[in-house]
Amino acid sequence: MSQNIIERPHYLEKLKNYTGTDLIKVITGVRRCGKSSLMMMYKNWLEKEFGTSCVVYIRLDSPEFILSKTLDFLVGKLQKTITDETRYILLDEVQLIKGWEKAVNAYYSTGKYEITITGSNAQMLSGDLATLLTGRYVEIEMLPLSFKEFLSFKNNKDIPIDKAFDEYILYGGFPVIALLDDYEQKTDILRSIQDSILFNDVRPVAGMDVNNETLTRLVAFLNDAIGYPVSMNSLANKIKSAGYRMYYELLSKYMNALKAAFLFYNSEFHVVKGGARFGQADKYYPVDTGLVVLTKANLSENYGSLLETVIFLELKRRGYKISIGKNDGDGSEVDFIATKGNKKAYLQVTATLLDEMTRRREFHALEAIQDNYPKYILSMDTHDFSDNGIICCYIPDFLLDDEGPSSRMSQQII
């Protein structure tokens, strides 16, 4: 049965922009975020622009490769498929073939082909490929759907923005989830996605002798700690106190594996003045808020941390480097410092500013910063609390505005 592919132009344009260069295009990202669909979009575009005979596409998780995932089999398949007209080689889920980087390097070195590959583990770029091809590849990292993409997946349904956002923040942006209406099905498939990531992408990095229950408990602990600094020693002690074997070195290996599988991202603390490393523990954010529903019994108590995760992921999606700020004077914390080139902005995230004490706290952290970069408070309030040069913005509006969170800003962060 054929499946309609819903366009994701943000990523497709990146691939188009690198077409015609001698850079290997490496599409990475968490499992089920849409890498294979993007590869098919790119394949369709290449065939339309240059002809079908110019493109060779091989999906390495297809039935053809079930019994043999060897380098010899891959090379044999390429030799049979490539013709004199071939210009573009597309290899989907290439990390499934041990030694794949040797084949990529060999065909790249001929100078005849543009190569595009996908993979679900960041470590594929830290081994032999990086050594062989330093400076010769570009990574295009995918995330699950942005809120804007999420709405495009539901463009045939009359759903108010606020209701759509409620669904988005609770069940996340994995494309397969966005296309479902049954919430029980959403939860079941999210659990399947997480299990697949832990088994197929995390375990090979952490070690095949990894304790599955410990790993699952670690994910639950990190979901509990969204928006809070995570100390490795403290986290190891918590896991041990719950009855699981854990020590610092083992935890570091598990954490590196979770990050390599794109399941969690970390953000460092920096002093606002001077931008130096503050020396505190990092904060960790999940790749998708939908996965949090699997481990959190009462999401309403953690709504603020889910909002913070959505903003973190959106800033990352837009290409910003994200750190956590500390004012070196009074120690007040800034949720995010977003930088890209010469652009910089400070952002606070809160569910609401209706409470006066909350409003004072959020404004104070930004007012204490003595520079002229844009400062924002993002919340679910539709009332505009903007004051003293600090722009307050309704979170869905921020997510849907590609040019910046407010048309009233003369300095936009996007």
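Beta carbons closer than 9 Å, at least 6 apart along the sequence or on distinct chains, never pair a first residue in region 334-345 that is in contact (Cβ under 8 Å) with a residue 12 or more places away in the chain and not assigned by TED's automatic domain parsing to the domain that holds residue 373 with a second that is exposed (fewer than 15 other Cβ atoms within 10 Å of the Cβ) and in a loop (DSSP other than H, G, I, E, B). Identify the residue in region 193-213 that is of a type in the set (S, T, N, Q) and either assigned to a loop (DSSP other than H, G, I, E, B) or surrounded by fewer than 18 Cβ atoms within 10 Å (Cβ to Cβ) (or both) and, among all such residues, is modelled with the highest pLDDT. Looking at the filtered set, the residue picked out is 196. Select from region 90-114 the residues that are part of a strand (DSSP E or B) and touching a Leu at 6+ places or on another chain (Cβ under 7 Å) and write down the one among them that is surrounded by the fewest Cβ atoms within 10 Å (Cβ to Cβ). So the residue we want is 92.
The set of residues from region 12-28 being under 16 Å from residue 137 (Cβ atoms) and within 18 Å of the chain's Cα centre (by Cα) comprises 14, 15, 25, 26, 27, 28. Of these, 300, 332, 379, which one is modelled with pLDDT under 95, under 30 Å from residue 219 (Cα atoms) and surrounded by 15 or more Cβ atoms within 10 Å (Cβ to Cβ)? Only one candidate qualifies: 332. Comparison of 141, 167, 149 shows that the only residue that is under 21 Å from the mean Cα position of the chain (by Cα), at pLDDT 90 or above, under 21 Å from residue 200 (Cα atoms) and surrounded by 15 or more Cβ atoms within 10 Å (Cβ to Cβ) is 141.
Residue 399 fulfils the conditions (1) farther than 25 Å from residue 149 by Cα; (2) outside any loop (DSSP other than H, G, I, E, B); (3) aliphatic (A, V, I, L, M); (4) at pLDDT 95 or above except for a single criterion, (1).
Residue by residue, here is whether (1) hydroxyl-bearing (Ser, Thr, Tyr); (2) in contact (Cβ under 8 Å) with a residue 24 or more places away in the chain holds:
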site	(1), (2)
71	no, yes
77	no, no
83	yes, yes
86	yes, yes
100	no, yes
107	yes, yes
116	yes, yes
119	no, yes
122	no, yes
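Within the set 109, 62, 53, the sole residue that is at pLDDT below 95 and more than 30 Å from the chain's Cα centre (by Cα) turns out to be 109. Based on what the data block shows, is residue 42 aromatic (Phe, Trp, Tyr), in a helix (DSSP H, G or I) and touching a strand residue (DSSP E or B) at 6+ places or on another chain (Cβ under 7 Å)? Yes, satisfied. Checking 177, 117 one by one, the residue that is in contact with a helix residue (DSSP H, G or I) (Cβ under 7 Å, 6 or more places away or on another chain) and outside any strand (DSSP E or B) is 177 and no other. A Cβ distance below 6 Å, combined with a sequence gap of six or more or placement on separate chains, defines the contacts here; from region 19-34, residues that are within 13 Å of residue 92 (Cβ to Cβ) reach residues that are among the small types (Gly, Ala, Ser) in the pairs 28/119; 31/120; 31/196. Is one or more of the residues making up region 80-91 modelled with pLDDT of 95 or more and under 25 Å from the mean Cα position of the chain (by Cα)? Yes, the conditions are met somewhere in region 80-91.
The values are calculated or read from the model by the stated rules, or taken from the named source; none is laboratory data. Values in this document were obtained by computation on a predicted structure and should not be read as measured data. Methodologically, a virtual Cβ is constructed for each residue, glycine included, from the backbone with ideal geometry; neighbour enumeration extends over all protein chains shown.
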